[in-house]
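The values are calculated or read from the model by the stated rules, or taken from the named source; none is laboratory data. Just so you know, these numbers come straight off a predicted model, no measurement behind them. No Cβ is skipped: glycine too gets one built from the backbone with ideal geometry, and neighbour counts run over all protein chains shown.
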Amino acid sequence: MSNLRSGPPQWPLSVPTQEQVGRTHRPGPRHATGEWRTVPGARPAPPPAPPEHGLRRSRKREDASRWHWLLWIPIVLPLVPALYNRIEPTFIGIPFFYWAQLGFAFLASVIMTFVHRRVK
């Protein structure tokens, strides 16, 4: 235990010189654009082409369909508690409040399956 040093370090701490470290962390060559090379032999990606005016509005997305509007039903319906905030009618002793929410989950799966098949 007598070998252990105690107390604050002695300042200034010795910093190794460039000759002691060696030149292991030398930066690589740069591209003509001035960017650093990341992968040997890789070329920088070309800049994106500017959008043509007028085409952007008339282009329709490939996955756009009017059937997707049906997907709002299982989202909005449970957000209106006035529709299901009651006890009667009960189903096997379960209040309407609970089994209606379970019904919303089944309704959501049916609507998603229907929309998927129509769009596919």
Quiz prompt | Every residue from segment 76-86 that is over 11 Å from GLN101 (Cα atoms) and surrounded by 10 or more Cβ atoms within 10 Å (Cβ to Cβ) | solution = ARG86
Practice problem: Considering only residues that are among the hydroxyl-bearing types (Ser, Thr, Tyr) and part of a helix (DSSP H, G or I), look in segment 69-120 and name the one that is farthest from the chain's Cα centre (by Cα). | Solution: TYR98
Quiz item: Does PRO40 fit the bill of being part of a loop (DSSP other than H, G, I, E, B) and either in contact with a Phe, Trp or Tyr (Cβ under 7 Å, 6 or more places away or on another chain) or at pLDDT 75 or above (or both)?
Solution: no
Quiz item: Restricting the first residue to segment 79-97 and requiring it to be under 17 Å from ALA108 (Cα atoms), which pairs with a second residue that is small (Gly, Ala, Ser) and assigned to a helix (DSSP H, G or I) meet a Cβ separation below 6 Å and a spacing of at least six or different chains?
Solution: TYR84/ALA100
